[in-house]
Amino acid sequence: MSAIWEEVPRDENLIKHLQEIAKDTALLHGVLMRTKESPNSPEVVSYAPFTLFPTRVPRTVFNQALAVQTHFNRLVDQVSQDPAFLEETLASTIKVDDFTARLFSIYREVRRESQLQKVVLGLNRSDYMLDQSPDGRTSLKQIEINTIAASFGGLASRTPDVHRHILKVANQLEERNQILDNNPAEGLVRGLAKAWELYGSERAVVMFLVEEVQRNIYDHRYVENELWKKNIPVIRRQFEDVCRTGSLDQSRKLFVDGREIAVVYFRNGYMPQNYTSEQSWDARLMMERSLAVKCPDISTHLAGTKKVQQELARPGVLERFFPDEPETVAQIRATFAGLYTLDMGEEGDKTVAMALANPDRYVLKPQREGGGNNIYGQEICEVLEKLKDSRERSAYILMDKIQPIPVQNYLLRPGDPIRLKSCLSELGVFGAYVRKGKDMLFNECVGHLLRTKSSEYADGGVAAGVAVLDNPLLF
Ligand code: ADP
Ligand code: MG
């Protein structure tokens, strides 16, 4: 039997002492983020927000999440190769959601051309919460899968040592020894390196397509520097740079600033506001049309939409992608929460009625990424009352609200006083795969990420200033 604590330490003096040590340790280990005030300056940096203590996670569900990841990699990849499914699934969404519609028009445009690049690189993160049913059972439920710009694979590889040190100082040695090693960055880099090799030109570079505001740059840098260690050159560029200096040559090789691009790694481009001009859209199209390996390509980006997630949860749909693998289907389906269409028609009407009757049981989700976009509680009624008779409602999907048990922890965030909070955690699992033509050459689960937020917030990730980095303590 393990002697892992049921509750985190609460002694006030100890906490005061530990928080200082914790912050310095985070800085020493490179758990860093640039500041809100100077997001593009390396002159003043701070620690990335994190929990003072790791959070208990049942070993069985943790292992379940790791075990299903290579199946999710294949699922996303299969969806991305099924034009009929994507067309049908997103048909109603793209009539009312401009952003998805623009992505979709790029998808259609590149499909008209012969696909030059047969190599596909997927780096994704599947996120889960642990649902607590009234009879006390804990079950792993997927929140979503991020197929573009999934972050924190770098910083997550540095947080285990921070928690180990805090626990040692706190004399919680049993717990200290249970902190898992974790190195998603290394696995993501293996995927990137494989794609770069397959592209087959030593001079060509990996281009990180990045945002203008780069608070989370250190997370990228871990991945970047690991590539350099393998002698793979990296450049960081923004849409702006691609607009100004990007071009395709006759064989559709992509050049930016005179450098040939082997892999475009999108750490940007997942929100409407990332496309600040028509030229940004032109740049996205140019990159998609190019010979460069895209991570993700436009079809894999679309495979990560919430509408696709909802369709995949329909009876029989997983079987379409895994016709001879009932066990794979069962493993994936076990992680699905209830997901409901809001498309026009009888089924969508039923969803509306269900949500209006019990708004607290659901989350209303638009086709957006990046946190802070979902709708909860009474606001669901306000939105649906307004949209229920218009096809605008199909810009959303409805999802069962996952109900985890809150646990107490201390959140450390620059500028915030430390307080004991009731918290909810979200477990992410990183997947990496490389396919060439029909051959899956690489398909792995490469690490995990635990994020924890105060339960007063329904939504929002680390970037949104709500969640903080954490580590699971398995029991
Ligand atoms: P985004 O793409 O914006 O990150 P998510 O689907 O991941 O959208 O939702 C953002 C946050 O909202 C999650 O990190 C989680 O905290 C909360 N959330 C999302 N779906 C649910 C759900 N079904 N039940 C409970 N909380 C949810
Ligand atoms: Mg999310």
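Derivation of every value follows stated rules applied to the coordinates shown; laboratory data play no part. Quick caveat: nothing in here was measured; it's all calculated off a predicted structure. When we count neighbours, we look across all protein chains shown, and the Cβ atoms used for this are built from the backbone with ideal geometry, even at glycine.
Structural remarks
- Relative contact order, whole percent, for the chain stands at 25, derived from Cα pairs under 8 Å and 6 or more residues apart.
- Straight Cα distances below 23 angstrom link LYS438 to the lysines LYS118, LYS194, LYS253, LYS294, with same-chain residues fewer than 8 positions distant left out.
- Sequence-ordered 3J(HN,Hα) estimates for the stretch 397-406 from the Karplus curve with 6.51, -1.76 and 1.60 and θ = phi - 60° stand at 10, 10, 9, 4, 7, 7, 10, x, 7, x Hz, glycine and proline given as x.
- Ordering THR60, THR341 by the number of other Cβ atoms within 10 Å of each residue's own Cβ, fewest first, gives THR60, THR341.
- Inter-part distance where the stretch 442-475 and the stretch 20-79 are each reduced to a Cα centre, Å: 6
- Close amide H contacts of ALA467 (hydrogens built in the peptide plane, cut-off under 5 Å, sequence separation of 5 or more or a different chain): GLY461, VAL462.
- Label zone of TYR376 (point 7 Å out along Cα→Cβ, amide N under 18 Å): in the stretch 448-465 this covers 451-465.
- Think of it as helices only: each DSSP H run of n ≥ 4 in the chain is worth -39500 (n - 2.57), and spread over all residues that comes to -11500 deg cm²/dmol at 222 nm.
- Measuring gaps between exposed loop sites in the chain (GluC sites (Glu not before Pro); DSSP loop; at most 11 other Cβ atoms within 10 Å), the longest gap, sites not included, is 203-455.
- The label-point distance for ASP416 and LYS168, in a model that sets each label 7 Å from Cα toward Cβ, rounds to 2.8 nm.
- Extension gain for the segment ASN63 to PHE255, taken as residue separation times 0.36 nm less the Cα-Cα distance, is 64.9 nm to one decimal.
- Anchor LYS401: lysines whose Cα lies under 26 Å away (excluding residues fewer than 8 positions away in-chain): LYS141, LYS306, LYS307, LYS350, LYS365, LYS386, LYS388, LYS421, LYS453
- Subtracting the Cα-Cα distance of ARG244 and ASN231 from their residue separation scaled by 0.36 nm leaves 1.9 nm.
- Under Karplus coefficients 6.51, -1.76 and 1.60, residue-wise ³J(HN,Hα) of the stretch 316-333 in Hz, glycine/proline x: x, 6, 4, 4, 4, 8, 10, x, 10, 10, x, 6, 4, 4, 5, 5, 5, 5
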